[in-house]
Amino acid sequence: MMERISCEDVFTPDRYAKLIYYFWSRMPQKTRTTKFDLQGCCEDLSRAYRQCAVAPEQLRYSCTSYRVKVKKTETVRTSVLFGLAFGLASAPLQFNRVAKSLMFIAAAVLLLAISHYYDDYNILDFVETAAEAKMLFSEVVSMAGMKLEANKGSKPNRSFKWLGLMKCFS
């Protein structure tokens, strides 16, 4: 019998989205705009895989070789990768442990409404506290020793783009 590699149910987010839409669509328009004035923003980790350290005992397996041409002479150089290699088959699984941990801390400890897809994070909050929620998440990332991509994140807004989808809460 084959072992399951992942315990995740890929349809779970779709069920939550349908349930949220069900209640949202049946709520009076006035209640939606006055009680639930929401804004969202997105954040992206900078060079996400490279920020995940390789265990010291595993560094001997984390090497790469490449050819360099110096003065018409071709040589082979080898370097050690101290972060996860992008093309490594196990890198997404290893990285998602880190990504989910950051999301869990933000959701369970700081009570942020947050989701992620690999290194992209989606933060949702009320208009009054959306900027603070974004700042709190960046603090969590900083405390974990990681960095966010400065140019890819968005400011809290009623409509924003995340993973190519336009989300609108107006």
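Overview of values
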| read-out | value |
| --- | --- |
| Yes/no for F137 being open to solvent by less than 40 Å² (accessible area, probe 1.4 Å) and within 16 Å of S46 (Cα to Cα) | yes |
| Subset of the range 126-150 [outside any helix (DSSP H, G or I) and farther than 18 Å from A113 by Cα] | A144, G145, M146, K147, L148, E149, A150 |
| Index of the failed condition, A106 passing every other in (1) open to solvent by 40 Å² or more (accessible area, probe 1.4 Å); (2) closer than 22 Å to A150 by Cβ | (1) |
| Criterion: out of contact with any Cys (no Cβ under 8 Å at 6 or more places or on another chain) and surrounded by fewer than 13 Cβ atoms within 10 Å (Cβ to Cβ) - qualifying residue of A85, A99, A89 | A89 |
| Search result, residues across the range 151-162 that are over 14 Å from A48 (Cβ atoms), open to solvent by less than 100 Å² (accessible area, probe 1.4 Å) and in a loop (DSSP other than H, G, I, E, B) | S154, P156, R158 |
| Complete set of residues in the range 117-134 that are surrounded by fewer than 21 Cβ atoms within 10 Å (Cβ to Cβ) and not hydroxyl-bearing (S, T, Y) | D120, N122, L124, F126, V127, E128, A131, E132 |
| Residue in the range 70-78 that is in contact with a strand residue (DSSP E or B) (Cβ under 6 Å, 6 or more places away or on another chain), assigned to a helix (DSSP H, G or I) and aliphatic (A, V, I, L, M) present | no |
| Single residue of N151, N96 found to be out of contact with any strand residue (DSSP E or B) (no Cβ under 8 Å at 6 or more places or on another chain) and over 27 Å from L59 (Cα atoms) | N151 |
| Whichever residue in the range 58-82 is out of contact with any Cys (no Cβ under 9 Å at 6 or more places or on another chain) and of a type in the set (A, V, I, L, M) and, among such residues, is most open to solvent (accessible area, probe 1.4 Å) | V76 |
| Yes/no for E139 being of a type in the set (D, E, K, R) and within 30 Å of P56 (Cα to Cα) | yes |
| Selection status of D37, of a type outside the set (V, I, T) and at pLDDT below 85 | yes |
| Pick from the range 1-25, criterion basic (K, R) and within 20 Å of K167 (Cβ to Cβ), ranking: modelled with the highest pLDDT | K18 |
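The values are calculated or read from the model by the stated rules, or taken from the named source; none is laboratory data. If you're wondering where the values come from, they're calculated on a predicted model, not measured in any experiment. Cβ sites come from the backbone with ideal geometry, for glycine too, and all protein chains shown count toward neighbours. With ligands, DNA and RNA removed, areas are computed over all heavy atoms of the protein, side chains included. Shrake-Rupley method; radii C 1.70, N 1.55, O 1.52, S 1.80 Å.
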